[in-house]
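The values are calculated or read from the model by the stated rules, or taken from the named source; none is laboratory data. Bear in mind that the values here come from a model prediction, so they are computed numbers and not experimental data. No Cβ is skipped: glycine too gets one built from the backbone with ideal geometry, and neighbour counts run over all protein chains shown. Keep in mind that these areas ignore ligands, DNA and RNA; they rest on the heavy atoms of the full protein, side chains included. Shrake-Rupley method; radii C 1.70, N 1.55, O 1.52, S 1.80 Å.
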Amino acid sequence: LSNAIFMPYVLSFNRTLIEKKIVSICDYLYLDKSFESFLNWILDLRKELKIPHKLSEVLETSKIDLKILSQMALDDPSTSTNPKKLTIDDMKILYEHSISGELF
């Protein structure tokens, strides 16, 4: 669930480094060849699967400790494969966006 919630935020955060690859995926999905069409496809798929758009829809914001979550996410082995090298501040910003629902 957390991956499904986070995906659009991570995609839009990494846009400058992944846009060409994402556009090439559009052919296989019969989408217009643009980052926006792929991102909208992801957002529509989440709606269809009833995946919340925001982390704050599944957790009380008062119980979210951004410092702890950001460090845990930064320490996760999968984080090292992110196209952009991430800092603790980047992780905090990603969480803030996932709580507010604002894409990058």
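Things worth noting here:
- In the full protein context, the chain carries 67 Å² of accessible surface per residue, based on a 1.4 Å probe and ignoring ligands, DNA and RNA.
- Accessible area of PHE104 in the full protein assembly, 1.4 Å probe (Å², nearest 10): 90 Å²
- Note: relative contact order over the chain, using C-alpha pairs below 8 Å and six or more positions apart, is 37 percent.
- Fraction of alpha-carbon pairs over 20 Å apart in the chain - percent: 41 percent
- Neighbours of SER78 by Cβ distance under 15 Å: Lys/Arg scored +1, Asp/Glu scored -1, total -1.
- Put MET72, MET91 in order of accessible area, highest first, and with a 1.4 Å probe you get MET72, MET91.
- Sorted largest first by accessible area at a 1.4 angstrom probe radius, with every protein chain in place, the residues TYR28, TYR95, TYR9 fall in the order TYR28, TYR95, TYR9.
- Gyration tensor verdict on the range 45-104 (Cα atoms; rounded if a/c is under 1.5, prolate if a/b is larger than b/c, oblate otherwise): oblate
- Calculated mean residue ellipticity at 222 nm for the chain: -19500 deg cm²/dmol, from DSSP H runs with n ≥ 4 weighted as -39500 (n - 2.57), summed, divided by the residue count and rounded to 500.
- Sum of side-chain charges, SER56 neighbourhood, beta-carbon under 12 Å (Lys, Arg +1; Asp, Glu -1): -2
- The chain, accessible surface, carbon-and-sulfur percent (1.4 angstrom probe): 57 percent
- Entries in LYS21/LYS63; LYS20/LYS84; LYS63/LYS84; LYS20/LYS85 that, when Cα-Cα distance is taken, lie over 25 Å: LYS21/LYS63; LYS63/LYS84
- With every protein chain in place and a 1.4 angstrom probe, the accessible-area ranking of ILE68, ILE88, largest first, reads ILE68, ILE88.
- GLU60 - accessible surface, heavy atoms, 1.4 Å probe, Å² rounded to 10: 110 Å²
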